[in-house]
Amino acid sequence: MSSIVSISNLSKTYEGGFQALKNVSLDIQRGEILALLGPNGAGKTTLISIICGIVNPSQGTVSVDGCDIIKDYRLTRERIGLVPQELTLGAFESVWDTFCFSRGLFGKKPNPQYLEQLLKDLSLWEKRNEMIMNLSGGMKRRVLIGKALAHEPMILFLDEPTAGVDVELRKDMWAQVERLRKAGVTIILTTHYIEEAEAIADRVGVINQGELLVVDDKLALMHKLGKRQLMIELESSIGSMPEALAGFKLEIGTEGDQLTYTYDPHKANTGIDELLKALTGAGLVIKDLHSVKTSLEEIFVNLVKANGRSAA
Amino acid sequence: MNIHAIRVIYKYEMKRAFKTIAQSFASPVISTVLYFVVFGTAIGSRIDAIDNVSYGLFIVPGLVMLTVLSQSLANASFGIYFPRFTGQIYEVLSAPVSFVEIVTGYVGAAATKSFLIALIILATASFFVEMRIDHPFLMLAFLILTCISFSLFGFIIGLWASDFEKLQIIPLLVITPLVFLGGTFYTIEMLPPVWQTISLFNPVVYLVSGFRWSFFEVSDVSVGLSLSMVLLFLLICLLIIGWMFKTGYRLKQ
């Protein structure tokens, strides 16, 4: 895959002196879904805003499809659609009018057939003549997505698109994202719902305090940074850790009848065999055991924590 | 040139005016009728003709200017301030449009509305006085230039204002006094010499004077000077807006 967005040494310091981005470099591949994860204030929205032309960068360059976002802004912006975080819509215009406005604003000739299909895909066709102020929050969110797609962009930025959205609409949205991916649209999304990033993203970037901590293939990231845990359920509770098990760094559950053993599954010797022998040697009876892998959320939390510590 | 963008911004703004037709068009017409009743008929009947022009007819250009200036400022400033206030401006800023296209769309619509209101006022005035326009093309030129330049000024206010109070403060505290003291209802020759000199620092004097000359060939300053002042004001506004977009002032952080 070739790169469609190329960010090089991008920094942003706001007027008040707050540094929102610190020397960020990133290549976004054509046709991929990239999820940007990060806590509030990490710099995700600033990064997206710079690429879209809403915020001026302090340093660094960004190119979209080989064109510089400042020198060739017309070429880059017509390729990009943005769904902002806030429900920023006019209250007194109809859904149809706002779609036509967005399409024209991005320099596209009117195309009622395309807009009709888009409205139908977003389940908004019945609401096309409704004033936006009369729509529910979820419907407004769909309208924002439709507006971003009205000019047929090849790159779509979704800034927290599912914040405050109910489960059903969230599923609809991800189905729409999947359709767009199949149509070849590159999608960059920020989300707080890490399980969603885990479910739909090809690659994941973690950003914190303006720094891009890691960007990698989702599976590779989970492979590299993920750990496994062996959950051992005992027949009876133990008050303290038997001496024979001291070398295994086990954690005792609150009830005293569960032990957790964290191990690296990629190592030749995981230590499980020795542990099981040691448990039997210590006279403990195993009732049940199963293993779980670290979720993307845990990887994310660990990365952000580690970054916070190093920054401090 | 992104013609489609200019078209949709212009259409959007014009549609807004027609949606609030009472506020956009009926309100200035009613105000003008009231001015004619009070100043033109009630008070005007007791005032002598000025340069052989009846007082009722004399105030027509001033009344048109009074409304055009205030409407141009209000329409253009609100047109750009409101999307900034609601956050909708993100879409314009992220679109492939230059500042010239954005300004053409917003200011073009604001100026069109002011121009239409001016025509309605002239039509309304013709019910009260026998209308006389000696130089109709010059009158139209003055009118269009004033609509555009004050819409540009309104656009600057809309970009500069950080809240609704600031949006109102310049039209209320600066423009309205300048308009009333700019010879809208009188010729500055009626003032004592000191005030005549002070009035020459009021840019509105040049607008009203030039515009009035196109009606009756009666003016306080030369028509060439009036035209130059309007063009200079227009140029200054364009330069300021250009700078605002270049630096991202109040638009981009």
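The values are calculated or read from the model by the stated rules, or taken from the named source; none is laboratory data. This is a predicted model, so every value here is computed, not measured. Cβ placement follows ideal geometry from the backbone for every residue including glycine, while neighbour counts extend to all protein chains displayed. Surface accessibility is based on the protein's heavy atoms, side chains included, excluding ligands, DNA and RNA. Shrake-Rupley method; radii C 1.70, N 1.55, O 1.52, S 1.80 Å.
As a ratio to 2.2 N^0.38 Å, the alpha-carbon radius of gyration computed for chain A takes the value 1.25. Among A:LEU156, A:ALA246, B:LEU57, whose Cα sits farthest toward the positive end of the charge dipole of the protein assembly as shown (+1 at Cβ of Lys/Arg, -1 at Cβ of Asp/Glu, about the Cα centre)? My answer, from the dipole projection, is B:LEU57.
Chains B and A together bury roughly 2500 Å² of accessible surface, counting both sides and using a 1.4 Å probe on protein heavy atoms.
With the whole protein complex present, A:ILE69 retains an accessible surface near 20 Å², based on a 1.4 Å probe. Each of A:ASN111, B:LEU232, A:PHE101 was placed along the dipole of the protein assembly as shown (beta-carbon charges, centred on the mean Cα), and the one lying farthest toward the positive end is B:LEU232.
Between B:MET244, A:VAL285, A:MET231, the Cα set farthest toward the positive side of the dipole of the protein assembly as shown (charges on each charged residue's Cβ, about the Cα centre) is that of B:MET244. Listed by chain and number, the lysines placed with their C-alpha closer than 17 angstrom to that of A:LYS305 are A:LYS227; residues fewer than eight positions away on the same chain are left out.
The lysines within cross-link reach of A:LYS277, meaning a Cα-to-Cα straight distance under 18 Å and a gap of 8 or more places when in the same chain, are A:LYS249, A:LYS287. Rounded to the nearest 20 debye, the dipole magnitude of the stretch A:3-223 is 500 debye, with +1 charges on Lys and Arg beta carbons, -1 on Asp and Glu beta carbons, and the Cα centre as origin.
All Cα-Cα distances of the stretch A:170-237, cut into 10 Å bins from zero to the largest, leave 15, 39, 26, 12, 7, 1 percent in each bin in turn. Of the chymotrypsin sites (Phe, Trp or Tyr not before Pro) found in the stretch A:55-147, those that fall in a DSSP loop while having at most 13 other beta-carbon atoms within 10 Å are A:PHE92. For chymotrypsin sites (Phe, Trp or Tyr not before Pro), the sites in the stretch B:82-131 that DSSP calls loop and that have at most 15 other Cβ atoms within 10 Å are B:PHE127. Label separation (A:VAL167 vs B:VAL38): 6.5 nm, computed from points 7 Å beyond Cα along the C-beta direction. When A:ASP65, A:ASP273, B:ASP48 are compared by accessible area at a 1.4 angstrom probe, the order from most to least is B:ASP48, A:ASP273, A:ASP65. Comparing mean-square fluctuations of A:GLY283, A:GLY90, A:GLY210 from a GNM of chain A with C-alpha springs under 10 Å, the top value falls on A:GLY283. Computed from Cα positions, the angle between helix A:95-105 and the longest principal axis of chain A comes to roughly 80 degrees.
Restriction of the chymotrypsin sites (Phe, Trp or Tyr not before Pro) in the stretch B:144-253 to DSSP coil positions whose beta-carbon has at most 12 other beta-carbons within 10 angstrom yields B:PHE201. Does the stretch A:5-126 come out rounded, prolate or oblate, given a ≥ b ≥ c as the square roots of the eigenvalues of its C-alpha gyration tensor, rounded meaning a/c under 1.5 and, failing that, prolate meaning a/b above b/c? It comes out prolate by the Cα gyration axes.
Expressed as a whole percent, the accessible area of chain B that falls on carbon and sulfur atoms is 71 (1.4 Å probe). Helices of chain B meeting both criteria, an alpha-carbon length of 27 angstrom or more along the long axis and an average Kyte-Doolittle score not below 0.0, with helices taken as full DSSP H segments, are B:55-86, B:99-125, B:136-160, B:223-247. Residues of the stretch B:96-119 falling in the label zone of B:ALA26, defined by backbone nitrogen less than 17 Å from a point 7 Å along Cα to beta-carbon, are B:117.
Enter the angle in degrees (range 0 to 90, nearest 10) between the Cα long axis of helix A:272-281 and the first principal axis of the Cα atoms of chain A, meaning the one along which they spread out most. It is inclined by approximately 40 degrees. Compactness of the stretch B:3-247, taken as the C-alpha radius of gyration over 2.2 N^0.38 Å, stands at 1.03.
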